[in-house]
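Q: Quick one: structure below, then a few questions.
The values are calculated or read from the model by the stated rules, or taken from the named source; none is laboratory data. Nothing here was measured: the structure is a model prediction, and the numbers come from that model. Positions of Cβ are generated from backbone atoms using ideal geometry, with glycine treated the same way; all protein chains shown enter the neighbour counts. When the accessible area is computed, the model is the full protein with side chains, heavy atoms only, and any ligands, DNA or RNA have been set aside. Shrake-Rupley method; radii C 1.70, N 1.55, O 1.52, S 1.80 Å.
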Amino acid sequence: MTKLRVHAFSISLDGYGAGSKQSLENPLGVGGEQLHEWFVPTSTFQQMLGKQGGTTGIDDDFAARAIANLGAWILGRNMFGPIRGEWPDDAWKGWWGDNPPYHTDVFVLTHHPRVAIRMEGGTTFHFVTEGIHAALERARAAAKGRDVRVGGGVSTIQQYLRAGLVDEMHVAIAPILLGSGEHLFNGVDMAKLGYRCVEHVPTHLATHIVLKK
Ligand SMILES: NC(=O)c1ccc[n+]([C@@H]2O[C@H](COP(=O)([O-])OP(=O)(O)OC[C@H]3O[C@@H](n4cnc5c(N)ncnc54)[C@H](OP(=O)(O)O)[C@@H]3O)[C@@H](O)[C@H]2O)c1
C-alpha cells in the first residue's frame, strides 16, 4: 500500500526547519543552509546532482532511504520558490534547474493556480489549489503503488501530520541554533497524534530520528 513519508527533514536544535526571512538569496531562511550539512556531502545527494563521490556511512544511509521507492512528491509553494502571492509570469521553475532531482510528478500546494510545468528527467510540477487531500489523492494516483513523499516545508508537513496522514517521518536534528523561523512541531501534538520514536542514531553532523505511529 502507498505510504505517505517525510524524510531527511532537517531541523535545528531549537526546532526550526527554516530560518527567518526566506528569499532568493537564502532559500532556507537566514542561517538555514547549515541544516543540510549532514545531507549535502552524502554520496546519495551527490549522485542526485549527477556527480560522483560523496560520503558513505550513517548519514548517507538515511539519505538513501529518503529516496527509495518514491512515486510522487508533495511540496508547499514556499519550498518551490521565493515568490509569494500571484505568480507574476511562468519564469520561475523551482530552485533545481532544468533537471530537478525528483524525476516523478511533484504536486505543489498553492492558492494561486498555474499551468503544470514539464521539466527534464521526468519531473512535472503540478500546482494544486484544492488543498492537502486533493494533492494526496493526485499524488497517490501518480505514484502507481510506490510511496508519496512530503518534501516540506514546515507548513505543509504540519498539515499532513495534523490530519493523521503521515505514516513515517525521518527528522535530522542539526547541532545548530536558529532562534527563529518555521518551527516544525509548534502547535502539533505528536504524542496525541500517536507518533513514537522508533529509531534514533547520532552522527557528528546530525541526530537522526524516525517517528512512526
Ligand atoms: N529543513 C528542511 O529539511 C527543509 C525541507 C524542505 C523545505 N525547507 C524550507 O522550508 C521553507 C518553506 O516552508 P514553509 O513552512 O514556509 O512553507 P511551505 O510549506 O513550503 O509552503 C507554504 C505555502 O504553500 C501554500 N499552501 C500550503 N498549504 C496549502 C493548502 N492546504 N492549500 C493551498 N495552498 C497551500 C501556501 O502558499 P500560497 O497561499 O502563497 O499559495 C503557503 O503559504 C523554505 O525555506 C524551504 O527551503 C526545509
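Q: Do you know which residues across the range 17-38 are open to solvent by 30 Å² or more (accessible area, probe 1.4 Å), more than 6 Å from the ligand (Cβ to nearest atom) and touching a helix residue (DSSP H, G or I) at 6+ places or on another chain (Cβ under 8 Å)?
A: The answer is ASN26, and nothing else.
Q: Please find, among ALA139, ALA206, ALA174, ALA143, the residue that is within 15 Å of the chain's Cα centre (by Cα) and buried (at least 20 other Cβ atoms within 10 Å of the Cβ).
A: Sole residue among the options that is within 15 Å of the chain's Cα centre (by Cα) and buried (at least 20 other Cβ atoms within 10 Å of the Cβ): ALA139.
Q: Restricted to the range 56-80, and to residues that are crowded, with 18+ Cβ neighbours inside 10 Å and more than 13 Å from the chain's Cα centre (by Cα), which residue is nearest to VAL166 (Cα to Cα)?
A: Selected residue: GLY71.
Q: Cβ contacts < 6 Å: first residue of a type in the set (A, V, I, L, M) and more than 6 Å from the ligand (Cβ to nearest atom), restricted to the range 67-78; second residue in a helix (DSSP H, G or I) and open to solvent by less than 10 Å² (accessible area, probe 1.4 Å), any location; separation 6+ or different chain. Result?
A: Cβ pairs passing all conditions: ALA72/ALA139; ALA72/ALA143; ILE74/ALA135; ILE74/ALA139.
Q: Quick check: anything in the range 139-149 outside any helix (DSSP H, G or I) and near the ligand (Cβ under 10 Å from one of its atoms)?
A: No: the range 139-149 contains no residue that is outside any helix (DSSP H, G or I) and near the ligand (Cβ under 10 Å from one of its atoms).
Q: State yes or no: is THR129 within 9 Å of the ligand (Cβ to nearest atom) and open to solvent by 30 Å² or more (accessible area, probe 1.4 Å)?
A: yes
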